[in-house]
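Comments concern the structure below.
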Amino acid sequence: MTIVAIVAAVLLASAALLTGYRVLAGPSTLDRVVGVDSLVAITASGLAVWAAYSNDATVLPGIVALALVGFLGSAAVSRFRVRDDR
């Protein structure tokens, strides 16, 4: 189980780095919003890996709250965003 958790953590960290680059270098606002939403999902996945590795169920409400905030944030930004000038 330790090897699986380490592999999952390395993959999630590399995904977070690549997504962070997309957030910083995104040419449009929607690219950045999708990147931030992906970072929220990666963070929730990292917490789930930690919960499985440590057998600690106390982080599960945090995972649910993070997923809800990420969804509502993305929905709000996509609803009220201003068009990019091109």
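The values are calculated or read from the model by the stated rules, or taken from the named source; none is laboratory data. All figures in this text were calculated on a predicted structure; none of them were measured in a lab. Quick reminder, even Gly has a Cβ in these numbers, built from the backbone with ideal geometry, and neighbours come from all protein chains shown.
Some notes on this structure:
- Selection count, segment 53-65, where residues are surrounded by 14 or more Cβ atoms within 10 Å (Cβ to Cβ) and of a type in the set (A, V, I, L, M, F, W, C): 2
- The set of residues in segment 3-24 that are exposed (fewer than 14 other Cβ atoms within 10 Å of the Cβ) and polar (S, T, N, Q) contains only 14.
- Scanning segment 25-46 for residues that are in a loop (DSSP other than H, G, I, E, B) and either crowded, with 17+ Cβ neighbours inside 10 Å or among the small types (Gly, Ala, Ser) (or both) yields a total of 2.
- Within segment 48-86, considering residues that are part of a loop (DSSP other than H, G, I, E, B) and charged (D, E, K, R), the one modelled with the highest pLDDT: 56
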